[in-house]
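Notes to accompany the following structure.
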Amino acid sequence: MLRTDQLTWTEYVEKLKEEPIVFLPVGAHEQHGPHLPMGTDAILATKMAEAVAAGLQGLVLPTISYGYKSQARSGGGQTFVGTTSLDGQTLIATTQDIVRELARHGVRRLVVLDGHFENQWFLTEGIELAQRELQASGGAMDIVRTEYWDFCPEAVLDTVFEGEFPGYDLEHAALIETSMMLYWQPELVRVDSIPQNDQASFATFDTYPQDGRGGPASGVLAPAKGASGAKGQLIIESTITAITQALGAHFQANS
């Protein structure tokens, strides 16, 4: 695995001759409770991209470290000081610009690896607008957009959760992300501040302006009780294996 921001432009040109899979990690700057850093989504997306790229001899671009606005039922919402978000059109345009530039470089295979729940459709729009331009000019790029958590095997979730899995939308700063950070960057986890049993209880609709109603004051949407580095390792390693296999098969089939 190589990071493009650590290559010279001439080294980059040589690497592109091998038609590598290029990874674009995308995260957010968003509150993650009193125990995890606000860059958690960007950190996890970056590390996941680097790990998968290493297995596929890929290149990793600099991370987009800001994401679309936090929503109450998946990130606690925009009521928290520190959460710093982009308008949808900004993320769309940024994604479109990057894809356009990569096409100019000659990149033919791209993975946009998302670590922030709210980013999904804005990344998709940026990709599709860029693809429209490429197709109009006779160009082509095989692009995958994915959220890493979709690849965590159900058997692993059954193992790490003592009770029922609350769903990825509520797993904000909770057991999964806390465990992953405890494994990958334990020095950034404020262990003594991990909420144990905080649980959001939202209405089945969203209200605007956001008021934070239904979410715990901590910003943690589901219990982080039982989080551990060992669970993080299990989640991470099984997810990396699954993503690597899926992407390898996809690009092999489309080569």
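The values are calculated or read from the model by the stated rules, or taken from the named source; none is laboratory data. Just so you know, these numbers come straight off a predicted model, no measurement behind them. Cβ sites come from the backbone with ideal geometry, for glycine too, and all protein chains shown count toward neighbours.
Here are a few things to note about the model shown:
Listed here are the residues, each with its yes/no results for (1) of a type outside the set (Lys, Arg); (2) modelled with pLDDT of 95 or more; (3) not in a helix (DSSP H, G or I).
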residue	(1), (2), (3)
Glu162	yes, no, yes
Ser179	yes, yes, no
Thr207	yes, no, yes
Pro223	yes, yes, yes
Gln233	yes, yes, no
Thr239	yes, yes, no
Ala249	yes, yes, no
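- Among the residues here, Thr46 does not qualify as within 22 Å of Ile240 (Cα to Cα) and over 18 Å from the mean Cα position of the chain (by Cα).
- Within the stretch 219-233, if we keep just the residues that are surrounded by fewer than 19 Cβ atoms within 10 Å (Cβ to Cβ) and of a type outside the set (D, E, K, R), the residue that is farthest from Ala140 (Cα to Cα) turns out to be Gly226.
- In the stretch 78-95, the residue that is surrounded by the fewest Cβ atoms within 10 Å (Cβ to Cβ) out of those that are more than 18 Å from the chain's Cα centre (by Cα) and part of a loop (DSSP other than H, G, I, E, B) is Val81.
- Inside the stretch 103-115, residues that are part of a helix (DSSP H, G or I) and in contact with a strand residue (DSSP E or B) (Cβ under 6 Å, 6 or more places away or on another chain) make up a count of 0.
- Residue check for Val99: modelled with pLDDT of 95 or more, in a helix (DSSP H, G or I), buried (at least 16 other Cβ atoms within 10 Å of the Cβ) and touching a helix residue (DSSP H, G or I) at 6+ places or on another chain (Cβ under 7 Å): yes
- Within the stretch 1-42, restricting attention to residues that are part of a helix (DSSP H, G or I) and in contact (Cβ under 8 Å) with a residue 24 or more places away in the chain, the residue that is farthest from Glu187 (Cα to Cα) is Leu16.
- Condition check for Gln135: assigned to a helix (DSSP H, G or I), at pLDDT below 95 and on the phi < 0 side of the Ramachandran plot: yes
- Annotation note: Cβ proximity below 6 Å between a residue of the stretch 73-98 that is farther than 21 Å from Pro209 by Cβ and a residue that is surrounded by fewer than 20 Cβ atoms within 10 Å (Cβ to Cβ) (sequence gap 6+ or interchain) occurs for Ile92/Glu125; Gln96/Leu129.
- Residue that is out of contact with any strand residue (DSSP E or B) (no Cβ under 8 Å at 6 or more places or on another chain), of a type outside the set (Val, Ile, Thr) and in a helix (DSSP H, G or I), where the choices are Ala51, Ala45: Ala51
- The residues listed here are Gly106, Gly139; of these, the one that is in contact (Cβ under 8 Å) with a residue 40 or more places away in the chain, surrounded by fewer than 19 Cβ atoms within 10 Å (Cβ to Cβ) and of a type outside the set (D, E, K, R) is Gly106.
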